[in-house]
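Peer 1: Structure incoming, see below.
Each value in this text was obtained by applying a stated rule to the coordinates, not by laboratory testing. The structure presented is a predicted model; accordingly, all values stated were derived computationally and were not measured. With ideal geometry, Cβ positions are generated from the backbone for all residues, glycine too; neighbour counts draw on all protein chains shown.
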């Protein structure tokens, strides 16, 4: 496809490389005004939320601490909620806590402790780790992996956790795999439009998998550069 000589063809490919780098570096201008928050049905985005839930519901794998005022025997640190949604509390036994807010769990424990004979128990519950909130970030990102995220985090946050998209990323091909009641489904998003405010930046759900597609042309172009020692400099630049 390309013919090279020691002299004569010295600028063509480097210029193309620089032009490609310049194009990759450009970002679209954000559109000033309200951000789009409506999911697009044609891209499978139905059911993806823009609003963050008001109250957090405890889930299996989350880690909580339970403090009973002036009752160290009933207090617990770093208790992981089991896969069955239960925790074990001294003198009270196994209690189902999955699906509760921390405030609901506090009231429930206070009632149970009062029934067990403790006078006017005062209970506080804190979440130490949102360990149930895992997202897999894969594809053309700098650091693929599985990450813990805070409730309310969005798709753009997941990509940031993965170190951002790589130079060969196809930012218009962001797929989100989500397990729903009727099976695994895929929705498509465009990161450029999200960054402009022209597309919904959905709130993540525990277990989501985000896959960033690859621009095959960019990858092939980089492979050509790396195969040519004379242009080693440009091969290093585009890594």
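Peer 1: Quickly work out the residue 177-to-residue 94 label distance, labels modelled 7 Å from Cα along the C-beta direction, and quote it in nm with one decimal.
Peer 2: 3.2 nm
Peer 1: Using a Förster distance of 30 Å, how high is the FRET efficiency between residue 185 and residue 143, based on the Cβ-Cβ distance and rounded to 0.05?
Peer 2: Efficiency, rounded to the nearest 0.05: 0.70.
Peer 1: If I model a spin label as a point 7 Å beyond the Cα along the Cα-Cβ vector, how far apart are those points for residue 51 and residue 116 in nm?
Peer 2: It is 3.8 nm.
Peer 1: If I take every Cα pair under 8 Å that is 6 or more residues apart in the stretch 63-129, average their sequence separation and divide by the length, what percent do I get for the relative contact order?
Peer 2: Across the stretch 63-129, relative contact order equals 38 percent.
Peer 1: Given labels modelled 7 Å from the Cα in the Cβ direction, how far is it in nm from residue 124 to residue 70?
Peer 2: 1.6 nm
Peer 1: Moving on to the next point. In terms of the ratio Rg/(2.2 N^0.38 Å) built on C-alpha atoms, what value belongs to the stretch 26-90?
Peer 2: 1.97
Peer 1: Moving on to the next point. Would you kindly work out the equivalent ellipsoid of the stretch 121-188 from its C-alpha gyration tensor and give its semi-axes, the square roots of five times the eigenvalues, largest first in whole Å?
Peer 2: With the √(5λ) rule applied to the stretch 121-188, the semi-axes are 29, 17, 9 Å.
Peer 1: Still on this structure: Where does the stretch 63-129 land on the Kirkwood hydrodynamic radius, alpha-carbon pairs, in angstrom?
Peer 2: Hydrodynamic radius (Kirkwood, Cα pairs) of the stretch 63-129 is 11.9 Å.
Peer 1: How do 49, 62 rank when sorted from fewest to most other Cβ atoms within 10 Å of their own Cβ?
Peer 2: 49, 62
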